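Below are the structure tokens for one structure; questions will follow.
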Amino acid sequence: MPNIFTENPTILMISLALIVALIIGFVIALKIAAFLRSYRARKRTKSGKNAEKNAEKLLKKWGYKIIDTQARRESFIKVDGSRLDYFVTPDIIAEKDGERRVIEVKSGRQAPNPKHGATRRQLIEYSLIFSEFPLYLLDMEQGKLMKIDISNLFRPSPSSKPTNGLSIFTTGLIFGLALSAAAYYFL
């Protein structure tokens with residue numbers, strides 16, 4: 001059986017060149033993707049730092065005294081019985097009317113929304129670890145300071161009711177029987 005590569009070495013060279021070009025293109029695409037991820041992360045960090053600086057100015061304008069920024073507090077969890085230490089760092093601790101407050105600053109489209117998962121988890125963590133201070137979320141996009149209260153965190157919502165597997169099964173069974181009867185009747 002004739003071999004196309006031995007009979008026509010040009011096809012072999014073109015095939016090898018294409019394979020090498022594909023590999024080089026793939027490596028370049030990976031490098032570009034990594035650069036873009038890094039660039040976006042740096043841009044978000046810079047934007048966040050600018051938002052925090054502007055937040056300090058805004059809070060001072062509203063009569064707050066800045067006590068600390070990026071105040072770290074150590075905490076821990078236990079994983080399989082072993083202690084795992086970590087730090088949390090809210091953006092600002094400020095005082096107004098003799099009351100110190102933890103203020104988390106957020107900017108962007110999603111982050112300022114307390115329904116945003118990452119923001120909500122962060123607020124819950126701060127509320128638990130800095131429990132002696134009231135917690136606020138400062139939305140820099142809207143210039144709005146919101147008090148966060150997690151006192152109902154461990155209580156189920158009045159609108160959330162546990163689903164009963166039997167009721168779901170029964171509903172499905174009745175629906176299935178109705179469809180079967182309709183199909184039998186009309187066909």
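Whose amide H sits under 5 Å from the amide H of I148, counting only residues 5 or more places off or on another chain, with H placed in the peptide plane?
L135, Y136, L137
Sort 100-108, 141-149 for me by packing, meaning the mean count of neighbouring Cβ atoms within 10 Å per residue, highest on top. Walk me through the numbers on the way to the answer.
Working: 100-108: 21.6, 141-149: 12.6.
The peptides rank, most packed first, as 100-108, 141-149.
Ratio of alpha-carbon Rg to the 2.2 N^0.38 Å globular estimate for the range 1-100, to two decimals, please. Provide the component values of the computation, followed by the final result.
Working: Rg = 28.8 Å, N = 100, 2.2 N^0.38 = 12.7 Å.
Normalised Rg, Cα atoms only: 2.27.
Using R₀ = 45 Å, calculate the FRET efficiency as 1/(1 + (r/R₀)^6) where r is the Cβ-Cβ separation of N113 and D80; round to 0.05.
Numbers: r = 35 Å, r/R0 = 0.77.
The formula returns an efficiency of 0.85 here.
Using only Cα atoms, locate the centre of the range 51-90 and the centre of the range 97-117, then give the distance between them in Å, rounded to an integer.
11
Rounded to the nearest 0.05, what FRET efficiency do K144 and A41 have when you use their Cβ-Cβ distance and R0 = 25 Å? Write down the numbers at each step before the final one.
Working: r = 26 Å, r/R0 = 1.06.
Efficiency at R0 = 25 Å is approximately 0.40.
Moving to a separate point now. Can you find, among G81, I28, V102, the residue farthest towards the positive end of the dipole of the range 9-148? Put +1 on the C-beta of Lys and Arg, -1 on that of Asp and Glu.
Positive-most Cα among the choices belongs to I28.
Computed from the coordinates by the stated procedures, all read-outs in this text should not be read as laboratory data. The structure displayed is predicted, hence computed values, not measured ones. Here Cβ is always computed from backbone atoms with ideal geometry, including for glycine, and neighbour counts include all displayed protein chains.
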